[in-house]
Amino acid sequence: MSKISSLVITIDGPAGVGKSTLSRFLAQHFSLAYLDTGAMFRAMALHLGEGSWSWPQNQLNAALSGLHFCLSGQGESTDLKVNNRTIGPEIRHEHIGLWASYLGQREEVRSYLKSAQQILGKNTSLVAEGRDMGCVVFPWAGCKIFLDARPEERARRRWQQLLDMGQDPDLETLTRDLKQRDEQDRNRSIAPLRPAPDALLIDTTHMTEDQVRGKLQEVVGNAIQEHLGNIFIRT
Ligand code: DC
C-alpha cells in the first residue's frame, strides 16, 4: 500500500507551449497548489547570483543548503516561498532566466531541487510544471501530461502575445531562438526534455486554447476521480 495520499499532476513540454497558463488554470479549477519549478530555478539563480554556476562543488553545495522552499495555498493564491519570502516578479527578467538555465546544467542543483520538489509533492496535492516533472521528479505522479506544438506555432503564439502587449516582435528571430532553446533542452546531458513513457502526449499545434483546456480538464478530472476512489478503497 502506498503511503502517498497527495495527488501530483505533471505538465511538461518545450518553451512557449503554454504550460504556465494551463497549469495555473488546472490548479485553480481543481483547487490544487501550483508548483512552478522554473520559478524555483530562477529564485535560486537570483539568490546565488551571477557566476554561481561555475562555483566549485563544495561552495555550491554549501550555498544550496542555505535555501529552503515552502509552498502554501491553492490555484491563483498559491504562495511559493524561498527562505520565508514570497517569490515575486523580481525573477522574471531575461538574464535571470539565463542564469537559471546555466545553473540547471549543474548536477548538484538538479539533485537539490529534485529533493525539494519531491518533499513539496509528498505533502501537498499539486500541479507541477516544468521540463522533467513526469520522468525524473515525480515518477509516481497520478497524471502526466506532455504538451507539444510545432516550433513555428509556438513562436507565432509568443509573437502574438508580445504584439498584444504593445511590443514589436520579429517572428523570424523568435522562431530561430525558440528552435535553439529546444535543441539545448532536448540534448542536455542531465534530465533532458523528454516525455515520461507513461505521459499523455498532446500536440496542440492545431488546437485552440479552449480545446486544450477542455481536454486537460477532462483528463485531470478523471485522474482526480481515480485518486479519490483509491483513497476511499484504502481507508
Ligand atoms: O520555465 P522557466 O523559463 O521559468 O525556467 C527557467 C529556466 O530554469 C529554464 O531555462 C531551464 C530551467 N528549468 C529546468 O531546468 N527544469 C525545470 N523543471 C524548470 C526550469
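The values are calculated or read from the model by the stated rules, or taken from the named source; none is laboratory data. Everything numeric in this text was worked out from a predicted model, so none of it was measured. Note: ideal-geometry Cβ built from the backbone for every residue, glycine included; neighbour counts use all protein chains shown. What goes into the accessible areas is simple: the full protein's heavy atoms, side chains included, and nothing from ligands, DNA or RNA. Shrake-Rupley method; radii C 1.70, N 1.55, O 1.52, S 1.80 Å.
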Inset, instruction - Check Ser125 against each of (1) more than 12 Å from the ligand (Cβ to nearest atom); (2) more than 19 Å from Asp36 (Cβ to Cβ); (3) not hydrophobic (A, V, I, L, M, F, W, C) and name the one condition it does not meet. - result: (2)
Inset, instruction - Hey, could you check segment 172-198 for residues that are outside any loop (DSSP other than H, G, I, E, B), more than 14 Å from the ligand (Cβ to nearest atom) and not aliphatic (A, V, I, L, M) and say which is surrounded by the most Cβ atoms within 10 Å (Cβ to Cβ)? - result: Thr175
Inset, instruction - Any chance you could count how many residues in segment 21-46 are among the aromatic types (Phe, Trp, Tyr), in a helix (DSSP H, G or I) and under 14 Å from Met133 (Cβ atoms)? - result: 1
Inset, instruction - Output the number of residues of segment 58-81 satisfying the condition of being in contact with a Leu (Cβ under 6 Å, 6 or more places away or on another chain) and either modelled with pLDDT under 95 or under 28 Å from Gln184 (Cα atoms) (or both). - result: 2
Legend entry - Top-ranked residue of segment 22-46 - restricted to ones that are within 17 Å of Gly97 (Cβ to Cβ) and over 11 Å from the mean Cα position of the chain (by Cα), ranked as surrounded by the fewest Cβ atoms within 10 Å (Cβ to Cβ): Leu46
Legend entry - Pairs with Cβ under 8 Å, 6+ apart, first in segment 62-75 and more than 16 Å from Ala39 (Cβ to Cβ), second among the β-branched types (Val, Ile, Thr) and part of a helix (DSSP H, G or I): Leu64/Val109
Inset, instruction - Could you please find all residues in segment 199-212 being among the hydroxyl-bearing types (Ser, Thr, Tyr) and surrounded by 17 or more Cβ atoms within 10 Å (Cβ to Cβ)? - result: Thr204
Legend entry - Matching residues in segment 85-95 - criterion: being within 18 Å of Gly51 (Cβ to Cβ) and either among the basic types (Lys, Arg) or buried (at least 18 other Cβ atoms within 10 Å of the Cβ) (or both): Ile91
Inset, instruction - Check off (1) more than 18 Å from the chain's Cα centre (by Cα); (2) closer than 23 Å to Gly38 by Cβ; (3) charged (D, E, K, R); (4) modelled with pLDDT of 95 or more for Asp203 and give me the number that stays unchecked. - result: (1)
Legend entry - Failed item in (1) of a type in the set (A, V, I, L, M); (2) within 16 Å of the ligand (Cβ to nearest atom); (3) over 11 Å from the mean Cα position of the chain (by Cα), with Ala15 passing the rest: (3)
Inset, instruction - Go over the candidates Ser54, Ser101 one by one and state the one that is within 12 Å of the ligand (Cβ to nearest atom), among the hydroxyl-bearing types (Ser, Thr, Tyr) and surrounded by fewer than 20 Cβ atoms within 10 Å (Cβ to Cβ). - result: Ser101
Inset, instruction - For Val82, state whether it is open to solvent by less than 40 Å² (accessible area, probe 1.4 Å) and within 13 Å of the ligand (Cβ to nearest atom). - result: no
Legend entry - Residue check for Lys215: out of contact with any Leu (no Cβ under 7 Å at 6 or more places or on another chain), surrounded by 13 or more Cβ atoms within 10 Å (Cβ to Cβ), within 13 Å of Pro14 (Cα to Cα) and not acidic (Asp, Glu): no
